[in-house]
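The values are calculated or read from the model by the stated rules, or taken from the named source; none is laboratory data. Worth saying up front: this structure is predicted, and the values here are computed from it rather than measured. Cβ atoms come from the backbone with ideal geometry, glycine included; neighbour counts cover every protein chain shown.
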Amino acid sequence: MSSNFFAMMHRMRFINRWGLMRNTEQENIQEHSLQVAMIAHALAVLRRRYYADGRPPVDERTVALMAIYHDASEILTGDLPTPVKYFNPAIREAYKAVESVAAAKLLTMLPDDLAPNWQPLIDPDLNDPATQAAHQLVKAADRLSAYIKCIDEGKAGNSEFRQASKTVRASLDELAESLPEVRYFMDHFLPAFQLSLDELQ
């Protein structure tokens, strides 16, 4: 029997982010998810290497896989712009319910005996402490990716992202108070995103 799951995942490239903003370069959720996966994996490595004491352990591979699929439900829902998504608690809760239905629909596209392998990635159980810790790093990586997008747009001379850059940076500074791996990434890896290709070499 044929399965539609991976053909549906292939459509991630059609869902653009930052829909209310003028972009110098469009960003879709497929390329965004790859960047989030790389950053989330880095955050998990940093936790294990430098910040493991007294903190929930996370599996680096699981974190990376969760990041790959973290926006998969948007294939069906589209990307709801942040100002709309967080306009008030009622809208946020309603959208979370829609995301949950979309995730369940995606899982039905897998053979029944395989779906449990993707369930924790597409619709993770946040009541599990290890899953919650991994999810927290994915969310932080998602914020870092958003900030990198703001940097890119600023480098291209697009002032449209000026306020978004300030807002996202403030949220990252707040996150970094409880996630030292985020502060490490910001201090050691983010500055290079301001550089040109010649400066990077």
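Residue pairs whose Cβ atoms lie under 7 Å apart, separated by 6 or more positions or on different chains, with the first residue in segment 155-175 and among the aromatic types (Phe, Trp, Tyr) and the second modelled with pLDDT under 95 and not in a helix (DSSP H, G or I), are Phe161/Met21.
Only a single criterion out of (1) without any contact (Cβ under 8 Å) to a residue 40 or more places away in the chain; (2) closer than 17 Å to Asp152 by Cα is not satisfied by Arg17, namely (1).
May I ask you to verify whether Ala170 is of a type in the set (A, V, I, L, M), under 25 Å from Tyr50 (Cβ atoms) and modelled with pLDDT under 95? Please lay out each step first, then the result.
On the way: of a type in the set (A, V, I, L, M): yes; under 25 Å from Tyr50 (Cβ atoms): yes; modelled with pLDDT under 95: no.
Spelling it out, it is not the case that Ala170 is of a type in the set (A, V, I, L, M), under 25 Å from Tyr50 (Cβ atoms) and modelled with pLDDT under 95.
Scanning segment 96-106 for residues that are crowded, with 17+ Cβ neighbours inside 10 Å and without any contact (Cβ under 8 Å) to a residue 60 or more places away in the chain yields Glu99, Ala102, Ala103.
Kindly indicate the residue of segment 29-40 that is crowded, with 17+ Cβ neighbours inside 10 Å and out of contact with any Leu (no Cβ under 9 Å at 6 or more places or on another chain) and also nearest to His10 (Cα to Cα) among those meeting that condition.
Across segment 29-40, the extreme among qualifying residues is Gln30.
For segment 129-167, what are the residues that are crowded, with 20+ Cβ neighbours inside 10 Å, touching a Phe, Trp or Tyr at 6+ places or on another chain (Cβ under 8 Å) and within 20 Å of Met38 (Cα to Cα)? Residues satisfying the conditions are Leu144, Lys149, Cys150. Helices (runs of 4 or more DSSP H) fully within segment 1-99 that include at least 2 residues being closer than 18 Å to Cys150 by Cα: 29-50, 82-85.
Among the residues that make up segment 8-17, is at least one of them modelled with pLDDT of 95 or more and more than 18 Å from Gly78 (Cα to Cα)? No; the residues of segment 8-17 include none that is modelled with pLDDT of 95 or more and more than 18 Å from Gly78 (Cα to Cα). Pro57 fulfils the conditions (1) in contact with a Lys or Arg (Cβ under 9 Å, 6 or more places away or on another chain); (2) surrounded by 17 or more Cβ atoms within 10 Å (Cβ to Cβ); (3) touching a residue at least 24 places away in the same chain (Cβ under 8 Å) except for a single criterion, (2).
Contact annotation: residue pairs with Cβ atoms under 9 Å, 6 or more positions apart or on different chains, pairing a residue in segment 179-201 that is under 16 Å from Ile148 (Cα atoms) and in contact (Cβ under 8 Å) with a residue 40 or more places away in the chain with a partner that is outside any helix (DSSP H, G or I) and of a type outside the set (Asp, Glu), are Tyr184/Tyr51.
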